[in-house]
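Before any comments, here is the structure.
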Amino acid sequence: MHQLETIIGYTFKDPMLLQTALTHTSFANESRTPIPHNERLEFLGDSVLSIVVADYLFHQWKGRPEGELTRARASLVCESALFEFAKEIDLGSYLRLGRGEERGGGRTRPSVVSDAFEALIAALYLDGGIEAARAFLLPFLTEGKTAEADYKTQLQEVVQQNPEEKLRYIVEDEKGPDHDKHFAVAVYLNSNCIGRGEGHSKKIAEQHAAREALRLMGLVK
């Protein structure tokens, strides 16, 4: 846990908050003595995350309409986004899991890891206030990531103007070991390729392909 504190740049005054945030229900259920798990923290962390993200977008995206802000917030607080954020700090390796969850690959399960990320946000909030949570989250909430997370939605909205048009994302190449995969994805409008992208996950590669399609349409720079 001390190593995780170094990674996130915060030392807990109450280390039990961090320990609880990292404790999955499966670990608590297998304990011989009652111990707290992270579900209550996850509940609080979800709300803290929403207010920090909303505040960030409101001040950084000045002049943007409410619909854009809503879509951007949704792209940043969804499970897949939180899982990507959690991987940046290798959160999965610090979780306390029960034996069954460990064998089942819980350390790399998006639902488990993203829930723990929300619990960590709550632990920071309870230990250091909203500013501690904000300082932790802001490095993840860059303009680039926000825009990138919304490219697929933007492209889908353009295509939906003509109900007969259909989008498909196809993985053209996948290489590398499990811990360092690299994907190449193409996005097709009906039978025509309109963009290609690459990334360390299918999601990121799809977003890059969507961005390329929007760029070729003259809708983004």
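Just so you know, all these numbers are worked out from the coordinates, no wet-lab data involved. All of these numbers come straight from a predicted model, not from anything done at the bench. Every residue, glycine among them, receives a Cβ derived from its backbone with ideal geometry; neighbour counts consider all protein chains shown.
Given the C-alpha atoms of the range 153-221, compute the convex hull and give its volume per residue in Å³.
On the way: hull volume 5.3 nm³, N = 69.
Enclosed volume per residue, from the Cα hull, is 77 Å³.
Using mean Cβ contacts within 10 Å as the protection proxy, how do 204-215, 59-70 order, highest first?
Numbers: 204-215: 22.5, 59-70: 10.8.
Averaged packing, sorted descending, gives the order 204-215, 59-70.
Would you compute the Debye intensity of the range 8-68 from its alpha-carbon atoms alone, equal scatterers and no solvent, and pass along log10 I(q)/I(0) at q = 0.30 Å⁻¹ to two decimals?
-1.19
Can you pull the semi-axes for the chain, root of five times each eigenvalue of the Cα gyration tensor, sorted largest first, whole Å?
On the way: eigenvalues 246, 94, 39 Å².
Equivalent ellipsoid semi-axes, largest first: 35, 22, 14 Å.
Give the total of Lys-Lys pairs in the chain with Cα-Cα distances below 20 Å; include a pair only if its members are 8 or more places apart or on different chains.
Taking the chain as the scope, the lysine pair count is 21.
Could you work out, for the range 1-119, what percent of all Cα-Cα pairs fall into each 5 Å distance bin, beginning at 0 Å and stopping at the bin that holds the largest distance?
The calculated distribution, bin by bin, is 2, 11, 18, 21, 19, 12, 8, 5, 2, 1, 0, 0.
Based on alpha-carbon centroids, what's the gap between the range 9-52 and the range 152-168 in Å, whole number please?
For the range 9-52 versus the range 152-168, the Cα centre distance is 40 Å.
Hull surface divided by four, with the convex hull built on the Cα atoms of the range 92-221: how many nm²?
Values: hull surface 43.6 nm².
Its average projected convex-hull area is 10.9 nm².
Quick check on packing: order 26-32, 116-122 by the mean number of other C-beta atoms within 10 Å, highest mean leading.
Values: 26-32: 14.1, 116-122: 26.3.
Per-residue mean Cβ counts within 10 Å order the peptides as 116-122, 26-32.
What value, in deg cm²/dmol to 500, does the helix sum -39500 (n - 2.57) over DSSP H runs of n ≥ 4 give at 222 nm once divided by the residues of the chain? Before the final figure, lay out each step's value.
Working: 11 runs with 128 residues, N = 221.
The helix-only estimate for the chain comes to -18000 deg cm²/dmol at 222 nm.
Expected output is a single nm value to one decimal: the length gained when fully extending between Gln60 and Ser201, i.e. 0.36 nm times separation in residues minus the C-alpha distance. What is it? All intermediate terms of the calculation are to be shown ahead of the outcome.
Details: separation 141, 0.36 × 141 = 50.76 nm, distance 2.73 nm.
So the chain would gain 48.0 nm between Gln60 and Ser201.
Pairwise over distinct Cα atoms, reciprocal of the mean inverse distance: report the Kirkwood radius of the range 48-100 in Å, one decimal place. Don't skip to the answer; put the middle values down first.
Values: mean 1/r = 0.0778 Å⁻¹.
Kirkwood radius, the range 48-100: 12.9 Å.
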